[in-house]
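Accompanying notes for the structure given below.
The values are calculated or read from the model by the stated rules, or taken from the named source; none is laboratory data. Note that the coordinates shown come from a computational prediction; the quantities given were computed from them, not determined experimentally. Glycine also receives a Cβ, built like all others from the backbone with ideal geometry; neighbour counts cover every protein chain displayed. Surface areas here come from the heavy atoms of the whole protein model, side chains and all, with no ligands, DNA or RNA. Shrake-Rupley method; radii C 1.70, N 1.55, O 1.52, S 1.80 Å.
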Amino acid sequence: MTDLRKVNIDGHEIEVPADYTLMQACEQAGAEIPRFCYHERLSIAGNCRMCLVEWVGAPKPQASCALQVKDLRPNRDGSCANIRTDSETVKKAREGVMEFLLINHPLDCPICDQGGECDLQDQAMGYGRVGSRYEHNKRAVDDKYMGPLVATVMTRCIQCTRCVRFITEVAGVSEIGLASRGEDAEITTYLEKSLTSEMSGNIIDLCPVGALTSKPYAFNARPWELEATETIDVMDAVGSNIRVDSRDGRVLRIVPVVNDDINEEWISDKSRFIWDGLGRQRLDKPYVRKGSKLVATSWDEALAVVAKKLKGDPEGIAAIAGDLACTESMKALMDLMDGLGVKNIDCRQDGAPLGSGPRQEYLMNTTIAGIEKADALLIVGSDVRHEAALVNARIRKTWIHGNLDIAMVGMPYDLTYTYDHLGNAVDALETLMKSTKGFARKLKSAKNPMILIGQGALTRKDGAKIMRLCGKIADKFGMVKEGWNGWNVLHTAAARVAGLDMGFVPAKGGRDLAGILTGAQDGSVKTIYNLGADEINEDLFGKAFVIYQGSHGDRGAHRADVILPGVAYTEKDALWVNTEGRVQMGRAAVPPKGDAKTDWKIIRALSEHCGRTLPYDDLETLRVKLCADHASFAGINHAPGAVAAEKFAPAKLGKTGKPLKAPLKSNMGDFYFSNPIARASQVMAQCSKECSPLREAAE
């Protein structure tokens with residue numbers, strides 16, 4: 001039962017939980033409390049003193065962020081404590097604090113990138129004095145080098161330490177600290193090195209004064225010039241909620257949108273700084289290969305060439321969907337292939353043996369927010385930190401604040417929290433199955449144990465056998481039961497779950513990815529429709545005729561015989577399904593580039609040329625058919641979690657057999673070059689150059 005206490009705030013008596021801070025209680029009562037150092041998701045520092053309130057009877061104003069309601073003593077007559085947030089004492093105290101904060105602050109507002117969305121500007125207007133009485137020389141501080149992403153103007157810094165606390169507590173990499181004391185205090189990076197955290201860009205949002213700003217975005221625009229569009233990130237399978245800021249049809253900035261169920265209010269650096277890659281190496285017109293060269297052509301000619309190739313023997317035709325393909329484009333392509341009688345289709349670009357069992361087989365059933373309920377975690381073959389940075393941050397949060405025991409099977413990675421390393425190879429899983437000591441005992445006694453299986457374990461030749469072994473472990477240690485499903489597959493591709501949900505896998509008698517590529521090399525597969533699958537070695541397509549539909553001139557386009565220019569994720573309204581099975585709606589922020597078209601519309605137009613016209617002319621009709629054929633897509637913003645967990649049998653997944661002895665390791669590769677948009681980004685190239693060697697050294 002929650003311990004409740006009464007407190008009188010500005011003449012109104014309210015009842016709040018005893019462990020509320022005074023700031024929370026005041027805001028519950030409707031009072032506005034200014035602050036700089038306080039942040040809801042970080043530890044309390046009490047640095048800035050901007051949140052001062054008057055406790056009637058106390059000798060001096062109190063910092064409301066650092067005082068809990070349970071610490072307030074009642075008045076002598078037994079009545080609850082009186083707090084004033086709008087008295088003359090409070091007004092004078094806040095003016096004094098603001099005056100001190102502005103003593104050394106430079107008059108940079110006209111050239112500061114934070115201008116227009118700066119906490120210091122807003123609060124100086126609301127709570128500051130008319131002028132300053134400080135007449136001495138201002139202090140100047142040298143700027144610090146923090147890498148290619150974060151620009152610094154440290155003379156603006158007010159030592160709120162938000163950046164220090166975020167990097168240490170949330171990102172888990174102690175790379176920023178406060179050096180010296182008093183007037184000499186400075187925020188600095190240790191050894192003046194580049195930040196290596198994959199979440200370092202979040203300190204830009206946290207900085208309240210413009211001391212830390214976005215280096216790639218510097219001097220590009222003012223916030224009032226930008227058009228904001230809330231959409232979904234596709235750099236991984238987490239489905240982080242983001243806001244895309246654009247001007248004149250060009251993306252200039254990407255920032256996070258708060259969603260406590262998924263990304264809280266953070267995003268990874270790749271999600272934040274990928275935007276320059278959206279405008280580079282773009283495919284903006286159709287191409288047809290004539291001789292050894294790709295020649296620009298009209299849409300009608302390109303579609304006619306493709307249609308002619310698709311009218312051949314269905315057994316010699318195949319379709320592959322890539323990691324960034326949206327739900328609607330995959331549905332349209334699957335319907336077209338079905339109309340043509342083609343059974344050789346696959347959305348598993350990496351070859352993972354998923355999609356043959358129930359939906360729980362390939363989902364993160366615990367859900368991202370549900371990690372906070374877990375008390376034991378087994379990670380198998382995954383570098384969670386770089387495969388899904390926000391999932392890793394949630395694990396770290398639970399590890400810090402909860403009682404989470406963690407173990408890993410596979411190559412050891414720096415995951416920002418401690419764990420028991422059980423071994424590099426699959427035999428560590430077999431040992432765990434037989435053991436009753438060590439981590440096996442912790443799993444057995446755990447109330448909510450969970451397993452997290454990475455794509456590095458599943459995409460091997462023995463992936464199905466590893467899945468069976470993991471399923472037996474989940475069954476033995478009670479990871480799946482009524483009200484709790486601890487079976488979790490961590491995806492790295494934004495398109496994968498949607499493809500599996502709609503059944504974009506081979507029909508009976510059809511070829512999977514390996515079979516398609518084998519057929520391409522031996523000549524039995526003559527035509528391949530490549531929907532943005534850029535992670536496949538172009539040599540594997542053999543002599544097949546390749547139709548590439550995508551947004552960037554990457555690996556897939558280099559091998560193509562026909563190029564149909566599609567759009568990037570910021571240029572279309574589309575559905576995305578994240579690793580936990582949550583369907584989310586992305587929205588177009590900018591128009592397509594050149595003659596590029598929305599992906600599903602390209603396939604719809606192609607279907608007419610093929611004589612197999614698809615039964616939808618607009619996005620709404622397409623989504624109606626999608627939901628009618630596959631009910632899970634109707635559950636917008638819903639993650640199934642432990643629904644029907646008691647009927648799910650993980651021990652029956654995969655295949656029986658002896659797995660290989662090779663070490664389990666992540667198949668992420670270079671974090672900053674994981675997709676065509678990233679490889680087109682100059683910012684990501686600079687990050688790869690400066691940060692990847694540091695990461696490899698840490699591993």
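Of note:
- On a per residue basis, the chain carries 41 Å² of accessible surface, using protein heavy atoms and a 1.4 Å probe.
- Fully extending the segment from residue 6 to residue 130, taken as 0.36 nm per residue of separation minus the present Cα-Cα distance, adds 40.9 nm.
- Cα shape, region 315-403, gyration tensor, a/c 1.5 rule: prolate
- A crude spin-label estimate for the pair residue 658 and residue 507, with each label 7 Å from Cα along the Cβ direction, gives 4.0 nm.
- Extension gain, residue 28 to residue 218, is 64.6 nm, computed as 0.36 nm per intervening residue step minus the present C-alpha separation.
- From the C-alpha gyration tensor of region 495-581, square roots of 5λ in Å: 23, 19, 10
- Per-atom-type breakdown for region 346-492 gives carbon and sulfur 47% of the accessible area (1.4 Å probe, protein chains only).
- Per atom type, region 39-196 shows carbon and sulfur on 51% of its accessible surface, probed at 1.4 Å.
- Linear extension gain, residue 13 paired with residue 290, 0.36 nm per residue minus alpha-carbon span: 91.7 nm
- Solvent-accessible area of residue 167 with every protein chain in place, 1.4 Å probe, in Å² to the nearest 10: 0 Å²
- For the pair region 156-194 / region 318-357, the C-alpha centres are spaced 48 Å from each other.
- Charge dipole (debye, nearest 20) of the chain; +1 at Cβ of Lys and Arg, -1 at Cβ of Asp and Glu: 1820 debye
- Residue 432 accessible area, 1.4 Å probe, all protein chains in place, Å² to nearest 10: 10 Å²
- Karplus 3J(HN,Hα) series, Hz, for region 137-147 with 6.51 cos²θ - 1.76 cosθ + 1.60 (x for Gly, Pro): 5, 6, 7, 10, 10, 5, 6, 10, 8, 10, x
- Theoretical FRET efficiency, 1/(1+(r/R0)^6), r = Cβ-Cβ of residue 60 and residue 174, R0 35 Å, to 0.05: 0.55
- Of 343/508; 593/625; 373/447; 6/92, pairs whose Cα-Cα distance is over 18 Å: 593/625; 6/92
- Heavy-atom accessible area with a 1.4 Å probe sorts 433, 235, largest first, into 433, 235.
- Placing a label point 7 Å from the Cα of residue 140 along the Cα-to-Cβ direction, the residues of region 190-224 whose backbone N falls under 19 Å from that point are 211-212.
- Mean sequence separation of contacting Cα pairs (under 8 Å, at least six apart), scaled by the length of region 511-577, corresponds to a relative contact order of 26 percent.
- Calculated FRET value between residue 108 and residue 313, using beta carbons and R₀ = 51 Å, to 0.05: 0.15
- Cut-off under 5 Å, modelled amide H: who pairs with residue 421 long-range: 408
- Carbon plus sulfur fraction of accessible area for region 595-672, probe 1.4 Å, in percent: 53 percent
- What separates the Cα centres of region 235-267 and region 137-154 is a distance of 26 Å.
- Stretch in the chain that is longest and holds no chymotrypsin sites (Phe, Trp or Tyr not before Pro) that DSSP places in a loop and that have at most 12 other beta carbons within 10 Å: 220-699
- For region 525-585, DSSP calls about 25 percent of its internal beta bridges antiparallel.
- Spin-label pair residue 430-residue 300: with each label point 7 Å from Cα along the Cα-Cβ axis, the two points sit 6.5 nm from one another.
- Virtual spin-label span in nm between residue 338 and residue 71, 7 Å along Cα→Cβ: 6.3 nm
- Under-5 Å amide H pairs with residue 201, H placed in peptide plane, nonlocal only: 269
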